[in-house]
Amino acid sequence: IILFAQGTQVMAAPFDIDDLEITGSPIPVLQRAWIETSPQTMHLVVSRNGTAAYLPALPDARPSILLVDREGTEPDLLSNPLPFTTCSDPRISPDGKRLALSADGFLIWIIDLASETPMLVSEKGFYPVWSPDGSQLICGSTRNRSYDLFRIPADLSQPEELILDWDNNLRSAAMAPDGTLVFREEIPGKGMDLFSWADEKDEASIAPLLDGPDDELAPAISPNGKWFAYVSDLSSKDEIYVTSFPEPGARIQISANGGTSPAWSPDGKELYYQDGNVIMA
């Protein structure tokens, strides 16, 4: 195995010491190691027995999670700095007491909002999605050759569990109130399609949800489970559409000048999305 820096990420690749060549695809490891970019320096050493020692990355600038209301105020959701440099895909638990998010590439954290205690739950995951009862997260993972779907108990009572392994990359996307999982497949030469999975114990229950010639992604299922919003590039740019769920019907275009990241209000009466740097309702 050879370790090397790629940007701000430590990568590991199988290496043939006799032929002096890499024999497999590099994968990201040790996401918390400190890597300077100018000049690029990886603060990491490996002992003869394979133990790695490294300096942790402790940047001065930390991300903030903000709450935004109709008046545009932006109070910090958390008063303490977060233990990572970048974050995305924030998802509040069904009971409103915890926040799951992706951070620094392939880390998944759960933050207790009352105590502001962060808990690292995965070092090889992204796009966390809460189950309806808040007991687990479904996420994509880099553990295998392609991105597959894993289940993580929110209390870490069990290790991560592989639930779906396909040849193409998969990404978790949304979960309906009845537990139906919606996920995205990335098909080489075609693009991105959406699938629904009604019963995790039965792969035969996986069915195409949207598999047209356009890219379909970022589904958000309404609180009553009857509708879902999603992003499509059917018009040559990303726009927000809504259609029925679980059986798609006529699509209604919601955005007029581009849109991403749809999200429903808790009562299902409003749909939020991003239009560039603007949040629309």
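The values are calculated or read from the model by the stated rules, or taken from the named source; none is laboratory data. Given the structure is predicted, the values throughout are model-derived calculations rather than measurements. A quick note on method: Cβ atoms are made from the backbone with ideal geometry, for glycine too, and the neighbour counts reach across all protein chains shown. Ligands, DNA and RNA are stripped out before the accessible areas are found, and what is left, the full protein with its side chains, is counted by its heavy atoms. Shrake-Rupley method; radii C 1.70, N 1.55, O 1.52, S 1.80 Å.
Report yes if Ser222 is among the polar types (S, T, N, Q) and either surrounded by fewer than 16 Cβ atoms within 10 Å (Cβ to Cβ) or under 26 Å from Leu162 (Cα atoms) (or both), otherwise no.
Criteria not met by Ser222.
For region 87-131, which positions are assigned to a loop (DSSP other than H, G, I, E, B) and either among the hydrophobic types (A, V, I, L, M, F, W, C) or within 19 Å of Tyr147 (Cβ to Cβ) (or both)?
Selection gives Asp104, Gly105, Phe106, Leu113, Ala114, Glu123, Lys124.
For region 132-148, give me each residue that is in a loop (DSSP other than H, G, I, E, B) and open to solvent by less than 30 Å² (accessible area, probe 1.4 Å).
Gly134, Thr142, Ser146
Search region 69-80 for residues that are free of Cβ contacts under 8 Å to residues at least 12 places away in the same chain and at negative phi and pair each with any residue that is of a type in the set (S, T, N, Q) and open to solvent by less than 90 Å² (accessible area, probe 1.4 Å) when their beta-carbon atoms are under 8 Å apart and the residues are at least 6 apart or on different chains.
none
Exactly one condition in (1) farther than 22 Å from Ser146 by Cα; (2) of a type in the set (Ser, Thr, Tyr); (3) not in a strand (DSSP E or B) is false for Ser25; which is it?
Result: Ser25 fails condition (1) only.
Would you pick out the residues in region 225-240 that are part of a strand (DSSP E or B) and either at positive phi or open to solvent by 20 Å² or more (accessible area, probe 1.4 Å) (or both)?
Trp227 - this is the single residue of region 225-240 that is part of a strand (DSSP E or B) and either at positive phi or open to solvent by 20 Å² or more (accessible area, probe 1.4 Å) (or both).
Here's a check for you: in region 47-65, which residue that is of a type in the set (A, V, I, L, M, F, W, C) and open to solvent by 80 Å² or more (accessible area, probe 1.4 Å) is modelled with the lowest pLDDT?
Leu58
Restricting attention to region 107-123, does a residue exist that is within 16 Å of the chain's Cα centre (by Cα), open to solvent by 60 Å² or more (accessible area, probe 1.4 Å) and either on the phi < 0 side of the Ramachandran plot or polar (S, T, N, Q) (or both)?
The answer is yes; a qualifying residue exists.
Answer yes or no: is there a residue in region 79-90 that is closer than 24 Å to Pro223 by Cα, of a type in the set (Phe, Trp, Tyr) and in contact with a Lys or Arg (Cβ under 9 Å, 6 or more places away or on another chain).
No, because not a single residue in region 79-90 is closer than 24 Å to Pro223 by Cα, of a type in the set (Phe, Trp, Tyr) and in contact with a Lys or Arg (Cβ under 9 Å, 6 or more places away or on another chain).
Going by what's in this entry, would Ala263 be described as touching a Lys or Arg at 6+ places or on another chain (Cβ under 9 Å), open to solvent by 20 Å² or more (accessible area, probe 1.4 Å), closer than 22 Å to Ala100 by Cβ and part of a strand (DSSP E or B)?
No: the conditions fail for Ala263.
For residues that are hydroxyl-bearing (Ser, Thr, Tyr) and assigned to a loop (DSSP other than H, G, I, E, B), tally how many sit in region 195-224. If you could, list the steps in order and put the result at the bottom.
Start the filter on region 195-224 by keeping residues that are hydroxyl-bearing (Ser, Thr, Tyr), which leaves 196, 205, 222.
Right, trim to assigned to a loop (DSSP other than H, G, I, E, B) and you get 222.
Result for region 195-224: 1.
Mind checking which pairs have a first residue in region 161-189 that is in contact (Cβ under 8 Å) with a residue 12 or more places away in the chain and farther than 17 Å from Val231 by Cβ and a second that is part of a strand (DSSP E or B) and among the small types (Gly, Ala, Ser), Cβ under 7 Å, 6 or more apart or different chains?
Taking only residues 6 or more apart or on different chains, the pairs are Leu170/Gly140; Thr180/Ser196.
If we keep just the residues of region 1-27 that are at pLDDT below 85 and either of a type in the set (Phe, Trp, Tyr) or open to solvent by less than 50 Å² (accessible area, probe 1.4 Å) (or both), which is farthest from Ser47 (Cα to Cα)?
Taking the candidates together, the pick is Gly7.
Scan region 248-277 and report the pairs whose first residue is farther than 21 Å from Met175 by Cβ and whose second residue is part of a loop (DSSP other than H, G, I, E, B) and open to solvent by 70 Å² or more (accessible area, probe 1.4 Å), with Cβ atoms within less than 7 Å and a gap of 6+ or a chain change.
Close Cβ pairs satisfying both conditions: Gly258/Lys237; Asp275/Asn257.
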